[in-house]
1. Sort His124, His494, His298 so the one with the fewest other Cβ atoms within 10 Å of its own Cβ comes first.
2. Based on DSSP, what percent of beta bridges with both residues in the chain are antiparallel, to the nearest 5?
3. By the scheme Lys and Arg +1, Asp and Glu -1, what is the net charge of all other residues having a beta-carbon under 9 Å from that of Leu20?
4. On the Cα set of the range 177-494, report Rg and Dmax in Å, please.
5. Treating only the Cβ of Lys, Arg, Asp and Glu as charged (+1, +1, -1, -1), what charge dipole size does the chain show about its Cα centre? Round to the nearest 20 debye.
6. When the helix-only estimate is applied to the chain (DSSP H runs of n ≥ 4, each -39,500 (n - 2.57), divided by the residue count), what is the mean residue ellipticity at 222 nm, nearest 500 deg cm²/dmol?
7. Considering only C-alpha atoms, what is the centroid distance from the range 205-264 to the range 1-48, in Å?
8. If you filter the range 390-497 for GluC sites (Glu not before Pro), then keep DSSP loop positions with at most 16 other Cβ within 10 Å, what is left?
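Just so you know, all these numbers are worked out from the coordinates, no wet-lab data involved. None of the values given here were measured: they were computed from a predicted structure. Glycine also receives a Cβ, built like all others from the backbone with ideal geometry; neighbour counts cover every protein chain displayed.
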Amino acid sequence: MSQRLKLEIKALDAIEGRDLVVLVSDGLTLPGPAEALAGAEAQALLTRAAAAERFKGKALSGLTLPAPEGAPYERLIAVGVGAATDRADLDFVKLGGAIAGRLAAGRSAEVILALPDGGIDAKHAAEIALGLKLRSYVFDRYKTKSKDKDDTGSIPVTLRAADPAAVKKALKVSDAIAAGVVLARDLVNEPPNVLYPEEFADRAKKLEKLGVEVEVLDEKELKKIGMRALLGVGQGSRRESRVVVMRWNGAGKGDEPVAFVGKGVTFDTGGISLKPGAGMEDMKGDMAGAACVVGLMHALAARKAKVNAIGVIGLVENMPDGNAQRPGDIVASLSGQTIEIINTDAEGRLVLADVLWYTQDRFKPRFMINLATLTGAILVALAQENAGLFSNNDELAQRLTAAGLATGETVWRMPLDKAYDKMIDSKFADMKNSAGRYAGSITAAQFLQRHVNDTAWAHLDIAGTGMAAKDSEINRSWGPGWGVRLLDRLVKDHYES
Ligand code: BES
Ligand code: MN
Ligand code: ZN
């Protein structure tokens, strides 16, 4: 449905596909194995066409040519990897994306995994495979007419490698990550009539197949626990709220867990503080934080990460009806603190307040990271280039920043401070859920922090990065699955035993 690439790994001994993909540097010389498989005339053809098309082998650029007369393939696709001196900076995931961007549905392809200045090791090959998979993802589940689909048919791709066994092994890890990102994308792309809290919980339940323990808390249990802030958001909806707890036990029994928490508002109308109509359909993506947590748990379990990881997601629908929460209402959160509702559209923080408190209290995690499409204001500050990072812990913040640079899912740290905290003091309750427009992302973060004790904590505001994504080398989907690769990388670099 959403993944049309069919990947195989074979030796560099022959080719069978219709498209032949070769990697070239600024010198435009075909790598040895590519030259051998492309045939005698390929180099001359490439040199001539490159001059005419001003193709210079720049990283991620490409040139597609009809194959030389009599060749056993139909198109020769050269993809640039830049100068040898820049090789250390080459992003192989993006390279895989650039390659996939030149392939066509319904056509088989061969990719020769060799660089002009040597081979491609298994780790980089797996990164190319990840980029290929992510770029070729399409969400066309609800297209019934094939002419409306971008194009149809699968793309059988063969990666030709010097050591196919090593590449296959490395692929097990990148396949796990790809599957996690794809799952997160699917969830974000699904329409809100299909993906409401119960259905979302059912999808999360499927992680049990991978060995994840999944617990679904229904409204009765949530009431008993005391998640009144979360329940207040969902009370105007015909759909029941849910909280899902996922546990991946990949390390020793006594190993302190790491915890990930997600905002899962399956649709955000704003509630009684109703949003304007234009663009409201985008609010189906207001569960991107929860989608990321589910995708991450999938990735960790599928690659059997040696970590104990907890994922907790708060699933609600924010609707206006006769039973909906009002501005002026006062609710008590699980922490015991009272909250004056100023704006029913500032609902994400209410959901997270309870889920954060619950997670730290029950699991005493080593750290707790939450992801939420929390504020439009983060788009004002950072556009779609970075997620906003707020943290009470410098080490965690630095590690997240580094993982962001390594994966391209970048974060930018924003301040937390007493002066901003004061802005959410309320006349009638312990705090209010909205302090107006100024510093909107920061006051939202301060609200969350009032529900975090001394646990190391980071909040990622992904309203800009988690949905309505711009096209990139590795993504053409509205829901980008943002954060899965970032957090998988954070875990891999620092928290696996
Ligand atoms: N889900 C929205 C934030 C959002 C905006 C996500 C744009 C993605 C794109 C959130 O629940 C919200 O409505 N926030 C309000 C807060 C305000 C009422 C204090 C906002 O950003 O306007
Ligand atoms: Mn809202
Ligand atoms: Zn929202």
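1. Ascending number of Cβ neighbours within 10 Å: His494, His124, His298.
2. Within the chain, antiparallel bridges account for around 40 percent of the total.
3. On the way: positive: Arg18, Arg75; negative: Asp19, Glu74, Glu110.
Charge balance in the 9 Å sphere: -1.
4. 17.5, 51
5. In debye, rounded to 20, the chain gives about 420.
6. Numbers: 15 runs with 168 residues, N = 497.
About -10500 deg cm²/dmol.
7. Taking the Cα centre of each part, the range 205-264 and the range 1-48 sit 48 Å apart.
8. Loop-located and lightly packed - Glu496.
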